[in-house]
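Notes follow once the structure below has been shown.
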Amino acid sequence: MAVSQRPAEAATVALTGATGFIGSAVLAALTARGVRVRALVRREPPAPGGGVDRILGDRLGEVDWIRGDLADRAALAGLCEGAGVLLHLASLVGGGAEDCEAVNDRGTAAVMAAAGRAGVGRIVHLSTTAVYGEGPHSGIDVDGVPPAPFSEASRTRLIGEQHALGAGALVLRPALVTGAGDRWVVPGLAELARRVPARWEGGRARLSLVDRTDLARLITALALDAPAPVVGVQHAAHPTPVRVGELLDSLAALGLLPVLDGPALPWAECRRRLAATPGRVSERQFTMIARDHWYRSEEIWRLAACPPGPGPLARLTEAASWYRTALGRAWLAP
């Protein structure tokens with residue numbers, strides 16, 4: 001089990017997933033605090049002025065890059081040795097059973113074992129509310145419904161949670177994450193707005209969202225500021241759920257989506273129209289973004305002594321230029 005102690009600000013933080021969507025934001029938040037970070041990367045670290053170095057900007061902390069992967073016992077030992085905190089943010093979010101098991105199951109077991117051998121005092125492991133399955137879910141507490149993962153990625157991430165909990169970790173389950181670098185939520189909405197140009201069930205559904213910079217602040221606070229180590233499972237979204245209609249309207253106001261002012265379609269008709277216009281977003285994914293999927297998340301912000309911020313809709317303005325470039329007005333395509 002991990003040793004229960006409050007890490008010093010100057011303690012080394014071991015980080016996996018440092019080049020990913022969430023991990024890169026956490027890396028930037030940690031270095032802005034002047035923290036020394038040891039980051040596991042599969043390839044040579046980026047050259048100065050490019051890649052992750054560009055994300056960090058005028059960093060104050062130091063980054064030691066450890067080359068290896070979650071199957072490399074020597075690299076994991078080097079990652080964890082002398083670290084006060086482990087942030088395990090690496091995961092595989094798609095792919096077949098073998099690849100997902102290698103990363104999310106066996107990889108998590110390996111890094112947790114390395115942290116145990118090194119006596120790391122505080123561990124945060126990133127999972128997902130996708131372990132609950134398709135839903136709809138309306139304001140549930142942690143494990144308020146039995147886990148029922150649909151994909152190999154979520155199935156193996158649920159298994160990975162058990163390895164983390166066995167090591168005395170905090171397991172965070174975010175739902176939908178928005179912000180610069182988002183390749184799924186807003187791009188998915190842009191596609192769906194073209195395929196089903198209407199108010200899906202009137203836009204009444206509620207979603208748990210969190211902006212990546214706020215999630216990074218939360219993870220950083222849990223690593224450095226929480227008065228005591230937090231263990232167990234917690235949801236990690238902004239405490240106030242967002243109505244789908246409000247999300248669509250906010251994106252339209254920023255010019256990222258067309259205005260959806262069509263009829264309030266019932267769900268059966270939404271499904272029919274989706275099937276009639278093929279695309280990359282599946283019906284299951286449509287369900288996750290157009291029907292209730294919200295999870296009570298107030299407690300983790302309190303435990304971390306971290307204010308949740310203005311919310312994901314307010315943060316969209318900050319990410320709007322990135323989204324405009326990434327979307328390329330794709331929603332106008334026939």
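The values are calculated or read from the model by the stated rules, or taken from the named source; none is laboratory data. Quick caveat: nothing in here was measured; it's all calculated off a predicted structure. Glycine gets a Cβ as well: all are built from the backbone with ideal geometry, and neighbour counts include every protein chain shown. The protein model used for the area step is the full one, side chains on, heavy atoms only, and it has no ligands, DNA or RNA in it. Shrake-Rupley method; radii C 1.70, N 1.55, O 1.52, S 1.80 Å.
Miscellaneous remarks
- Spin-label zone in segment 232-275 - amide nitrogen under 14 Å from a point set 7 Å from the Cα of residue 318 along the C-beta vector: 238
- Here the peptides 227-235, 120-128 are ranked by packing, the mean other Cβ count within 10 Å, and the order with the highest first is 120-128, 227-235.
- Low-density loop cleavage sites - trypsin sites (Lys or Arg not before Pro) in segment 255-334, where at most 13 other Cβ are within 10 Å (DSSP): 280, 329
- Listed peptides 147-158, 169-180, 22-33 appear in the order 169-180, 22-33, 147-158 once ranked by packing, highest mean of other Cβ atoms within 10 Å at the front.
- Cα shape, segment 264-334, gyration tensor, a/c 1.5 rule: oblate
- Helices in the chain, meaning DSSP H runs of at least 4 residues, each add -39500 (n - 2.57). Divided by all residues, the mean residue ellipticity at 222 nm is -11500 deg cm²/dmol.
- Across segment 221-334, C-alpha contacts under 8 Å between residues 6 or more apart give a mean separation that, scaled by the residue count, equals a relative contact order of 47 percent.
- Around the Cα centre of the chain, unit charges on the Cβ atoms of Lys, Arg, Asp and Glu (plus for the first two, minus for the last two) sum to a dipole of about 420 debye.
- Dipole axis of segment 272-330 (+1 Lys, Arg; -1 Asp, Glu on Cβ), positive-most option in 325, 288, 276: 276
- Prolate/oblate/rounded label for segment 228-297 (Cα gyration tensor, a/c 1.5): prolate
- For the chain, carbon and sulfur atoms together expose 53% of the accessible surface, with a 1.4 angstrom probe and every protein chain in place.
- Degrees separating the helix 108-118 axis from the principal Cα axis of the chain, which is the longest one: 30
- Cα point-scatterer Debye curve for segment 210-334, base-10 log of I(q)/I(0) at q = 0.11, 0.15, 0.19 Å⁻¹: -0.52, -0.87, -1.16
- Note on the chain: semi-axes of the ellipsoid equivalent to its C-alpha gyration tensor, largest first and rounded to whole Å, are 34, 21, 19.
- Placing +1 on the Cβ of every Lys and Arg and -1 on the Cβ of every Asp and Glu, with nothing else charged, gives segment 143-196 a dipole about its Cα centre of roughly 180 debye.
- Averaged per residue, segment 244-329 has 49 square angstrom of accessible surface, using a 1.4 angstrom probe with ligands and nucleic acids left out.
- Per-residue extension of 0.36 nm, minus the Cα-Cα distance of residue 283 and residue 269, leaves a gain of 3.8 nm for this segment.
- Projected onto their three principal axes, the Cα atoms of segment 70-119 cover extents of 35, 17, 13 Å, largest first.
- In units of the rule-of-thumb radius 2.2 N^0.38 Å, segment 71-171 shows an alpha carbon radius of gyration of 1.11.
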